[in-house]
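Beneath this line is the structure, given in structure tokens, with notes to follow.
The values are calculated or read from the model by the stated rules, or taken from the named source; none is laboratory data. Source: prediction; values computed, not measured. A quick note on method: Cβ atoms are made from the backbone with ideal geometry, for glycine too, and the neighbour counts reach across all protein chains shown.
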Ligand code: CTP
């Protein structure tokens, strides 16, 4: 992709050098555009050595029309985006090459704010950001950590890896535009009493990655999650649940009308038959019962043409067990992972899976980030939507009862 990397004048500009290097390493063609303030923090020579094209700084130098960079870019990313840059962009100003490029482009724009906490929290900055988000700009939010001058707080620019991932997502395919996708994630928690629960080792990272990737590809996404993770995609509607019963209710409410349902959650297989209202003292004798099979219920209620995806975490004979489960569960795709393999499954940021298809065939995805595994799964889903299931894109139903947006 052709990426314009805008750098405005903040101390985090030093991290933009790493962003530039990683973008080039990932195969992108990168043209850095530095503001006058940026060159107080980082040298033009450094970018010149790393980037794919000469550094651009001025509206008045050379023969490049001020709109050309914006028009030819596949993605424009601004890292760091200072409070001043966000204000000028939100106001539609074009008083330097970077803001002119931002105004001239029709490509996706990603901004990565970085500033002191007081500035970040100021309503003026938040208002400007809200205006940009409303116009479709992707924001990679700052993190909390050490800031220039030794202060600690919110406002530190996101890490280069997160920025590069956001650029890839912004410029990636929009092949789920107009589709509605419902994803479950995390390990459910079944109460013994108000303090103790039965749960499992699922982190929820894979399900969250599926939700975020689907949103980046244009889907309207509902994520029903039992995981205490934040969601890095403002367009994802998040429903927080605790138990298998909560998750079943939320999934059954969300699935009708959806084009795709992905059960990535690790639903507890059993729960206490009765949970105590007050804390239990001593060692209780637990009587367990089976939880509802949510996936089976969703398959029973499936809309015509709806693509349903199940997951299976196995430790022995994963493929053989997976093939049996694919048939038994009646799903279109089953994502099988061998959670005993190194770097795979619970709590890792990486995964290796085999995607089994009801129509026959298996796609092996070797050890990759969970986001990359999610993209590989969505490639298969899109294939099914466009070949087997020929529904035209539908819009989200008006009734979103019981779901909360975050
Ligand atoms: N699942 C579900 N409800 C349950 C248990 C599992 O919806 N009560 C879903 C999971 O989200 C997953 C798929 O079913 O998508 C397979 O889960 P898994 O635990 O591997 O299947 P089980 O039917 O519980 O089989 P096993 O006997 O191997 O545990």
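For the reader, a short list of remarks on this structure follows.
- Checking the stated criteria, residue 341 turns out to be farther than 19 Å from residue 263 by Cβ and surrounded by fewer than 18 Cβ atoms within 10 Å (Cβ to Cβ).
- Matching residues in segment 56-75 - criterion: being part of a strand (DSSP E or B) and either closer than 22 Å to residue 123 by Cβ or over 26 Å from the mean Cα position of the chain (by Cα) (or both): 56
- Scope segment 1-41; condition within 18 Å of residue 158 (Cα to Cα), in contact with a strand residue (DSSP E or B) (Cβ under 7 Å, 6 or more places away or on another chain) and part of a loop (DSSP other than H, G, I, E, B); matching residues: 8, 10, 12
- Criterion violated by residue 156 - all others in (1) surrounded by 21 or more Cβ atoms within 10 Å (Cβ to Cβ); (2) touching a helix residue (DSSP H, G or I) at 6+ places or on another chain (Cβ under 7 Å); (3) farther than 24 Å from residue 53 by Cβ satisfied: (2)
Condition check ((1) over 30 Å from residue 345 (Cβ atoms); (2) buried (at least 17 other Cβ atoms within 10 Å of the Cβ); (3) touching a helix residue (DSSP H, G or I) at 6+ places or on another chain (Cβ under 9 Å)) across all residues:
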{"residue": "75", "(1), (2), (3)": "yes, yes, yes"}
{"residue": "83", "(1), (2), (3)": "yes, yes, yes"}
{"residue": "98", "(1), (2), (3)": "yes, yes, yes"}
{"residue": "103", "(1), (2), (3)": "yes, no, yes"}
{"residue": "109", "(1), (2), (3)": "yes, yes, yes"}
{"residue": "113", "(1), (2), (3)": "yes, yes, yes"}
{"residue": "169", "(1), (2), (3)": "no, yes, yes"}
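- Residue 355 vs. criteria buried (at least 16 other Cβ atoms within 10 Å of the Cβ), near the ligand (Cβ under 10 Å from one of its atoms) and at pLDDT 95 or above: no
- A single entry from 196, 174, 180, 146 fulfils the requirement of being modelled with pLDDT of 95 or more and surrounded by fewer than 20 Cβ atoms within 10 Å (Cβ to Cβ): 196.
- Residue 349 vs. criteria modelled with pLDDT under 95, in contact with a strand residue (DSSP E or B) (Cβ under 7 Å, 6 or more places away or on another chain) and assigned by TED's automatic domain parsing to the domain that holds residue 214: yes
- Taken together, the residues in segment 202-258 that are away from the ligand (no atom under 16 Å from the Cβ) and farther than 25 Å from residue 303 by Cα amount to 7.
- Residues of segment 295-321 that turn out to be more than 11 Å from the ligand (Cβ to nearest atom), part of a helix (DSSP H, G or I) and within 21 Å of residue 241 (Cβ to Cβ), as a count: 1
- When segment 322-334 is filtered for residues that are more than 10 Å from the ligand (Cβ to nearest atom) and either in contact with a helix residue (DSSP H, G or I) (Cβ under 7 Å, 6 or more places away or on another chain) or outside the structural domain of residue 351 (by TED's automatic domain parsing) (or both), the ones remaining, listed by number, are 330, 332, 333.
- The one condition in (1) surrounded by fewer than 18 Cβ atoms within 10 Å (Cβ to Cβ); (2) closer than 23 Å to residue 157 by Cα; (3) at pLDDT 95 or above that residue 93 fails to fulfil: (2)
- The criterion of being part of a loop (DSSP other than H, G, I, E, B), within 36 Å of the chain's Cα centre (by Cα) and within 7 Å of the ligand (Cβ to nearest atom) holds for residue 292.
- Residue that is farthest from residue 266 (Cα to Cα) [pool: residues in segment 322-343 that are part of a strand (DSSP E or B) and modelled with pLDDT under 95]: 338
- Test: residue in segment 115-125 that is touching a helix residue (DSSP H, G or I) at 6+ places or on another chain (Cβ under 6 Å), assigned by TED's automatic domain parsing to the domain that holds residue 18 and closer than 30 Å to residue 219 by Cα: yes
- Among (1) under 29 Å from the mean Cα position of the chain (by Cα); (2) modelled with pLDDT under 95; (3) not in a helix (DSSP H, G or I), the one test that residue 78 misses: (2)
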